[in-house]
Amino acid sequence: MVRSSTLSFITEVPLIVNSKQESELLSRFQGGRQLYNACLNEAMARLDLVRNSESYQVAKLLPRTKKKERSEAFKKAREQYRYSEYDLHSFAAITSTSSKWIAQKVDSTAQQKLATRAFKASERVMLGMAKDVRYKVPSRFRSMEGKSNKTGIRWKDDCLVWGKLVLQPIIDSTNPVIRHGLESPVKYVRLLWRILNGKRRWYAQLVNEGLPYQKPHQFVCDGLIGLDLNISNIAYVGDNHADQSELIRKAENAGGSVIKFSTQTTALSQTHLDGSRIKKSLSQRVHRDVTGIPEHHRDLFSAFLSRYVNQNKLVLQNTLNAYSGLEPVLLEAYQRYLTREQVSTSESRQSDSPSERVSNELLTPSQIANKGDKLGEDVA
C-alpha cells in the first residue's frame, strides 16, 4: 500500500537544557549511535550476501528492457537474505533488547527510525549513489527523531517530551514564522545539537504539515520573471519587484514555468543597452552602462535583460522599451542590496571579539564502515 504524502516544512526552536538533562540526552544519543552503527553493519553484511548470491547475478544478466522481470528478480534476491527496511527494524528491536540499556534509553519508534536511516545509507551504496557507508563517531551523531507525534520524541503542550524528559523551548512569540509553525499540525519531531561558541546547544525541529509561513512582501502573482543564477544566490526581476535571494521555490510549485537559455550566447553580464559587450571580471559586481544610465547590480541587470531573451538572442528593442518603466524597481533592489551589505559588515565587526567567535574546535571525521565491527565499537 502506497503511503499518502503531504507537504511539509520545518520549524526550529532552541531548547533550555540543564546539566542533568544534557547528561541524560548524551546517554540516549550514545545508545542511539551504537544502535545505528550496529544496524548499519548488519545492513552492509546482508547487502554483501545479496550481491554475492546466485539469484542476484542472474538478475543482473536480465536485459533492462524487461523492467518487471528484472525488478522481481532483484526483489527475490533481497528477500532471500532479508535485506529490507522492515527486516532491519526487527534486527534493531532484537539488538536493543539484548543490550538492555539501549532499550532503556532509546524508545521503539526511535529504534525503527535509526534502522531506517541505516538501511537507506546502505541502499545508496547498492544503487551506486555512494561508494561506501560511514559509521558515526560521537561528534558526528547529532540528531534523533520519532516516527510520529504520538509516542517517543514528541511535541506536547509547547514542550519537547521524550519519556520522562521534558525540555522547555525558547519561543519568540513576536515571530510570525515561529507562531505559524507552533499552530500547524506536527508530523514528527527531530532532536538535534550543534556546537556554537564552544558550547553544545540543543534544538527541536518540528516537521509540520502544510505550507511554511509566507511573509506579506513575499507574494505570488502572474507575470514574466527574469532570473540570473550564480553559485550562491539568484537575482530576479519582475514587473513590479526585483531582488536577490539565496533560495526561491521552484516555479512549478507556483504554477509557472522556467525557460533556460545559453549564457555563452547571450553574455548578459557583458551586455549594455546599446548592444555592445564589455567583459567584466567576476569580482566586479556593479554594472556601469555605456549609455549613461545609473549604476545597477550586475546580477540584477542581467536578470532584467533575461526577460527579453528569445531563442538564445536578446531582443534589444524590447529591452530599451521596458527599461524606463523598470529603472526605479532595479534601483530600489540595488539599494536594498547595499543596505544588507552594510548591516552584514557591521555585525561581523561587532562579533569579532574572542568571546563571540564560533568555536573552531576540530571534530573527528566520520569513519568508513568495516564489516567486522561489533555493537558499541567505534571504527578506527
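Every number in this text was worked out from the coordinates using simple rules, so none of it is lab data. Bear in mind the structure is a predicted one, so any value in this text is a computation, not a measurement.
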*Give the Debye-formula value of log10 I(q)/I(0) at each listed q (0.14, 0.23, 0.32 Å⁻¹), with one equal scatterer per alpha carbon of region 20-61, two decimals each.*
-0.50, -0.75, -0.95
_Length gained when the stretch K215-F9 is fully extended (0.36 nm per residue, less Cα-Cα span)_ = 72.7 nm
